[in-house]
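Structure first, then comments.
The values are calculated or read from the model by the stated rules, or taken from the named source; none is laboratory data. None of the values given here were measured: they were computed from a predicted structure. Cβ placement follows ideal geometry from the backbone for every residue including glycine, while neighbour counts extend to all protein chains displayed. To get the accessible areas, we keep the full protein, side chains included, count just its heavy atoms, and leave off ligands, DNA and RNA. Shrake-Rupley method; radii C 1.70, N 1.55, O 1.52, S 1.80 Å.
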Amino acid sequence: LVITLFTITLFSSFAYANEITKHISIKEYERILKAEYAKYGVEMKVLDYDENKNITRDVLNDELAKVEYIANSFKVTDVYNNEPINFSISSLDVIAPLGIFYNKTVFANWIISNAYGNANMRSEANVTIDGGNSNIVSINSKSTYQVGSFINFDNWTTTSMVVTPNSPSTGYIKMDISGRATFSYADPYTGIKTGYTSLVNHKILQVNCI
């Protein structure tokens, strides 16, 4: 009887210790995944979690298996408004006397997405145009921002935006945009909400300004 009780106790202790080793802390979970995402240039961060749910190594392994797919899922798509080029006219600001010089705000819409969501984006520029020859004489302002609908999108930060006038021809502009986009997803099974931030580059080859 003593041997039996000892065996049961030993087995129970082993089982309990084995169960404990299956669990990891939220800090360890984040540390391991953050390092893996960094290999693909993506910043991963735990934004929230359910303290009542245990995080197991099986959960971690499942997430590790998704890293490459999620990291590579960031992409951009142009939005064409039934035109061979991607453009829209936002507003006509000022027409100078005789129509020689005037300002116009133009924009191009595009979509950024990843495995967990998407967002409508807009890149715009205010330009001054020579009405006599359609030449763009100056870029007065420029910006890129989120507009309209989105799913699981958190933030956009423009890091660089270069607008080239009269490219590829007179009366057009070209936009080269770089920024950091953040999407987040709350897993209903694990109770963990995770943010994913990646550098996004987009080239809008021609925007009609005339």
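Contact annotation: residue pairs with Cβ atoms under 6 Å, 6 or more positions apart or on different chains, pairing a residue in region 191-203 that is hydrophobic (A, V, I, L, M, F, W, C) with a partner that is not in a strand (DSSP E or B), are Ile192/Tyr49. What's the number of the condition Trp156 fails, among (1) within 30 Å of Val46 (Cα to Cα); (2) touching a residue at least 60 places away in the same chain (Cβ under 8 Å)? So Trp156 meets the others, but not (2).
Listed by position, the helices (runs of 4 or more DSSP H) inside region 1-93 whose residues that are modelled with pLDDT of 95 or more and open to solvent by less than 50 Å² (accessible area, probe 1.4 Å) number at least 3 are 26-38, 57-71.
When region 31-59 is filtered for residues that are farther than 16 Å from Tyr196 by Cα and of a type in the set (A, V, I, L, M, F, W, C), the ones remaining, listed by number, are Ile55, Val59. Looking across region 126-171, the residues that are farther than 17 Å from His202 by Cβ, touching a strand residue (DSSP E or B) at 6+ places or on another chain (Cβ under 9 Å) and of a type in the set (Ser, Thr, Tyr) come down to Thr128, Ser138, Ser141, Ser149, Ser169, Thr170. Residues that are in a strand (DSSP E or B), among the aliphatic types (A, V, I, L, M) and surrounded by 14 or more Cβ atoms within 10 Å (Cβ to Cβ) were ranked within region 149-198; the one that is nearest to the chain's Cα centre (by Cα) is Ala181.
For region 169-201, filtering for residues that are out of contact with any Leu (no Cβ under 7 Å at 6 or more places or on another chain) and more than 18 Å from Lys75 (Cβ to Cβ) leaves 12. Scanning region 171-178 for residues that are closer than 24 Å to Ile136 by Cβ and of a type in the set (Asp, Glu) turns up at least one hit. Taken over region 127-153, the criterion of being without any contact (Cβ under 8 Å) to a residue 40 or more places away in the chain and farther than 29 Å from Thr197 by Cβ is satisfied by Thr128, Asp130, Gly131, Gly132, Asn133, Asn135, Val137, Ser138, Asn140.
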